[in-house]
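A short worksheet on the structure shown next.
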Amino acid sequence: MKLTAYIIPVVVAAVFVYGCYKKVDIFEEFLAGAAENIKVSFDILPALIILMTCIAMLNTSGAVAFMTNVFAPAVKALGFPPQCLPLTLLRPLSGSGALAVYEDIIANYHPDSFAGRVASVIMGSTETTFYTVAVYYGAAKVKNIRHTLICAVAADITGFVVSCTAVRLFMS
């Protein structure tokens, strides 16, 4: 068996031993933490429901396909694979939606194709920005996100551009 199979049991045992050493009621602390996490889950639930509803509406309405068709000639002229355009549209919104698009790219164009490599780098170097902002700011009860969203979207766009550039430079 691999060493990684023991990491979680060792960490749990270490926490238990440390709690006993410090004479902490481990079970009571566990219950308090679980109760607090349930409260946080209920606090962020409305933001997640709205976000998931919007993503479903985008997908079922055909808006992603429409935007892909509109922007495909421009991104192709810039050297970006148009097959990855749906991924760039969904990745900031939904990890599961982006994963489905990624799997489609890999299945249809092969992992070693230019589109497959760019899609792989995009998946590893960008974030589900809107989901993350909704969860973390919702959990912290922050109403004014100030410049977070602009900076995060700029980082995603940078990730998309650099993904294409890096694949072209290092894997062609």
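Please treat every number below as a calculation from the coordinates, not as lab data. Just so you know, these numbers come straight off a predicted model, no measurement behind them. Please note: Cβ atoms are built from the backbone with ideal geometry, for glycine as well, and neighbour counts cover all protein chains shown.
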Expected vector for the stretch 145-151, Karplus 3J(HN,Hα) from phi with 6.51, -1.76, 1.60 and θ = phi - 60°, integer Hz, x for Gly and Pro, equals 8, 6, 9, 4, 5, 4, 5
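Using just the helices of the chain, give the 222 nm mean residue ellipticity in deg cm²/dmol: DSSP H runs with n ≥ 4 each add -39,500 (n - 2.57), and the total is spread over all residues, rounded to 500.
The helix contribution divided over the chain gives -26000 deg cm²/dmol.
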Nearest-ten-degree value, helix 63-77 long axis tilted from longest Cα axis of the chain
60 degrees
Can you list the HN-Hα couplings for the stretch 54-61, worked out from phi with the Karplus curve (6.51, -1.76, 1.60; θ = phi - 60°), rounded to whole Hz and with x for Gly and Pro?
5, 5, 4, 5, 4, 5, 6, 6
Let me make sure I get this right: for the stretch 1-145, a, b and c are the square roots of the gyration tensor eigenvalues over alpha carbons, sorted descending. Under 1.5 in a/c it's rounded, otherwise prolate if a/b > b/c, else oblate. Which is it?
oblate
Mind giving me the FRET efficiency for SER172 and SER125? R0 is 25 Å, r the Cβ-Cβ distance, nearest 0.05 is fine.
0.90
Hey, how many Å between the Cα centroid of the stretch 116-166 and the Cα centroid of the stretch 1-22?
33 Å
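Give me the one-decimal Kirkwood hydrodynamic radius in Å for the stretch 85-156, with the sum taken over alpha-carbon pairs. Before the final figure, lay out the partial values.
Numbers: mean 1/r = 0.0768 Å⁻¹.
It is 13.0 Å.
R0 = 35 Å: FRET efficiency of THR4 with THR158, Cβ-based, nearest 0.05? Each step should come with its number before you reach the end.
On the way: r = 33 Å, r/R0 = 0.93.
Efficiency, from the Cβ-Cβ distance: 0.60.
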Once the other residues with Cβ under 13 Å from the Cβ of PHE114 are scored (Lys, Arg +1; Asp, Glu -1), what is the net sum?
+2
Give the angle, between 0 and 90 degrees and rounded to the nearest 10, that separates the Cα long axis of helix 114-125 from the longest principal axis of the Cα atoms of the chain.
30 degrees
